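Input: a single structure, listed below in C-alpha cells.
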Amino acid sequence: MIQLTTAANLENAIAKARTVKPRVHVNAFGSYTVTNKQTGATYSVECLKQDGKRFAHCSCEAGKRGRACYHLAAAVAAHIQLATERAASH
Ligand SMILES: [Zn+2]
C-alpha cells in the first residue's frame, strides 16, 4: 500500500505506463484490473481514501513491497478520471 501524495512519487511509474500502455479494466470505482498486453499478465489495483488521504495498492511483486509500479500508475490515472467524471455529474 502506498500513499498518493503528489504526482512526483509516481513520475517514473507514469512514464513507464505511457511506454507499456497496459489495459485498465474498471471492476468498480476504486477496483481495477491492469493487463500487460505483451505478456498477458494481470494485476489487481485498489484505490481507496482513508482519513482524507489517498492510497493505492497493486498485487504485483513491486506493489507488495510498497513500490509505485506502472500498473498502479495506470490504474490511478483511470481512477482520477473516473472520480473527476463523478464529481462533474453531481
Ligand atoms: Zn503493479
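The values are calculated or read from the model by the stated rules, or taken from the named source; none is laboratory data. In this text the structure is predicted, and so the values were computed from the model without any measurement. As a convention, Cβ positions derive from the backbone with ideal geometry for all residues, glycine included, and neighbour counts pool all protein chains shown.
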Being more than 11 Å from the ligand (Cβ to nearest atom), without any contact (Cβ under 8 Å) to a residue 12 or more places away in the chain and part of a strand (DSSP E or B) is the filter here, so list the residues in segment 41-90 that pass it.
Lys49, Gln50
Scanning segment 6-40 for residues that are of a type outside the set (Phe, Trp, Tyr), in contact (Cβ under 8 Å) with a residue 12 or more places away in the chain and assigned to a loop (DSSP other than H, G, I, E, B) gives Lys21, Pro22, Gly30, Asn36, Lys37, Gln38
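Out of Tyr43, Tyr32, which single residue is surrounded by 13 or more Cβ atoms within 10 Å (Cβ to Cβ), farther than 14 Å from Ala78 by Cα and in contact with a strand residue (DSSP E or B) (Cβ under 6 Å, 6 or more places away or on another chain)? Even if it seems obvious, please write down each step before you answer.
Values: Tyr32 fails: farther than 14 Å from Ala78 by Cα.
Tyr43 is the lone residue from the list that is surrounded by 13 or more Cβ atoms within 10 Å (Cβ to Cβ), farther than 14 Å from Ala78 by Cα and in contact with a strand residue (DSSP E or B) (Cβ under 6 Å, 6 or more places away or on another chain).
Answer yes if at least one residue in segment 6-23 is touching a Ser or Thr at 6+ places or on another chain (Cβ under 8 Å) and either at pLDDT 95 or above or exposed (fewer than 12 other Cβ atoms within 10 Å of the Cβ) (or both), and no otherwise. Outline the logic, then answer.
Step one: filter segment 6-23 for residues touching a Ser or Thr at 6+ places or on another chain (Cβ under 8 Å), giving 22-23.
Still in the running and either at pLDDT 95 or above or exposed (fewer than 12 other Cβ atoms within 10 Å of the Cβ) (or both): 22-23.
Yes, the conditions are met somewhere in segment 6-23.
Can Ala68 be described as over 22 Å from Arg86 (Cβ atoms), at pLDDT below 95 and small (Gly, Ala, Ser)?
On the way: over 22 Å from Arg86 (Cβ atoms): yes; at pLDDT below 95: yes; small (Gly, Ala, Ser): yes.
Yes; evaluated as a whole, the condition is true for this residue.
Please enumerate the residues belonging to segment 57-90 that are β-branched (Val, Ile, Thr) and in contact with a strand residue (DSSP E or B) (Cβ under 8 Å, 6 or more places away or on another chain). Step through it out loud before you land on a result.
Just the residues of segment 57-90 that are β-branched (Val, Ile, Thr), to begin with: 76, 80, 84.
Within segment 57-90, Val76 is the sole residue that qualifies.
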